[in-house]
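The values are calculated or read from the model by the stated rules, or taken from the named source; none is laboratory data. Bear in mind that the values here come from a model prediction, so they are computed numbers and not experimental data. Cβ sites come from the backbone with ideal geometry, for glycine too, and all protein chains shown count toward neighbours. Quick note on the areas: whole protein, heavy atoms, side chains included, nothing else; ligands and nucleic acids left out. Shrake-Rupley method; radii C 1.70, N 1.55, O 1.52, S 1.80 Å.
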Amino acid sequence: DTAVSQTPKYLVTQMGNDKSIKCEQNLGHDTMYWYKQDSKKFLKIMFSYNNKELIINETVPNRFSPKSPDKAHLNLHINSLELGDSAVYFCASSPAGGPLPDTQYFGPGTRLLVL
Amino acid sequence: GDSVTQMEGPVTLSEEAFLTINCTYTATGYPSLFWYVQYPGEGLQLLLKATKADDKGSNKGFEATYRKETTSFHLEKGSVQVSDSAVYFCALSPYSGGGADGLTFGKGTHLIIQP
């Protein structure tokens, strides 16, 4: 069974469109994350979500919004896509909430290309 | 803010060579430190971690020691194989006493092992 899964794996779309990427984890973790990996492989945190608390990286445009229908899912919605949004987006989860930071488990990534 | 600096690649070695990938960090408090590996076309996998000073993380022949005095977490392996070719990321997670903190990553080191 896949621990953290994402759909779709590839997404090609036009500028100005609205799209969503889905993420599901079957690990029973409390916290989920979204990261963006740019063309130079640099990874940056976008959001983390824990017990209905959303922590946002202040550099993320408000065109990006995470939605969590339940503890096992954290979907990423992107409005008015721009060329610069082209990247690989990774979902991750962890059992965070204890006294020490814990390991994050990553999904396989969604490669987004905006034309 | 927190930051991670690691040697930039690509690093090219022959099979059975000794590997060192340097990683230093800047953080307040007592972060946990991680090495993640990304094989071509795949997501990130945890390679090893250390949660306090002088801890040594090890896995699959790789090891790294948390050095608080030099704020370093260098990755080493005594004899590399072609299958070790991948991008390696050093990362930290701040000690916050709980909550949903994202990982801060270095820029990644592309390792190429030649037969």
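Some observations on this one:
- Across the range A:5-28, not a single residue is classified as within 8 Å of chain B (Cβ to nearest Cβ), open to solvent by less than 50 Å² (accessible area, probe 1.4 Å) and under 15 Å from the mean Cα position of the chain (by Cα).
- Residue-level analysis places A:Y105 outside the set of residues that are facing chain B (nearest Cβ under 9 Å), open to solvent by less than 50 Å² (accessible area, probe 1.4 Å) and not polar (S, T, N, Q).
- Number of positions in the range B:20-46 that are of a type in the set (S, T, N, Q), at pLDDT 95 or above and surrounded by 16 or more Cβ atoms within 10 Å (Cβ to Cβ): 1
- Considering residues of the range B:1-19 that are in a strand (DSSP E or B) and away from chain A (no Cβ under 11 Å) only, the residue surrounded by the fewest Cβ atoms within 10 Å (Cβ to Cβ): B:S14
- Inter-residue pairs, beta-carbon under 6 Å, first more than 10 Å from chain A (Cβ to nearest Cβ) and in the range B:41-57, second open to solvent by 60 Å² or more (accessible area, probe 1.4 Å) and in a loop (DSSP other than H, G, I, E, B), 6+ apart: B:A53/B:K68
- Residue match in the range A:83-101 (condition: more than 7 Å from chain B (Cβ to nearest Cβ), among the acidic types (D, E) and open to solvent by 10 Å² or more (accessible area, probe 1.4 Å)): no
- Residue-level check: of (1) of a type in the set (A, V, I, L, M, F, W, C); (2) free of Cβ contacts under 8 Å to residues at least 40 places away in the same chain; (3) closer than 29 Å to B:A50 by Cβ, A:V60 misses just (3).
- Scan of the range A:36-48 for residues that are more than 7 Å from chain B (Cβ to nearest Cβ) and open to solvent by less than 70 Å² (accessible area, probe 1.4 Å), ordered by number: A:K36, A:Q37, A:D38, A:M46, A:F47
- Candidates B:K68, B:K60, B:K49, filtered to the one that is under 19 Å from A:P95 (Cα atoms) and open to solvent by 50 Å² or more (accessible area, probe 1.4 Å): B:K49
- Residue count for the range B:67-89, restricted to those that are touching a Leu at 6+ places or on another chain (Cβ under 7 Å) and within 13 Å of chain A (Cβ to nearest Cβ): 3
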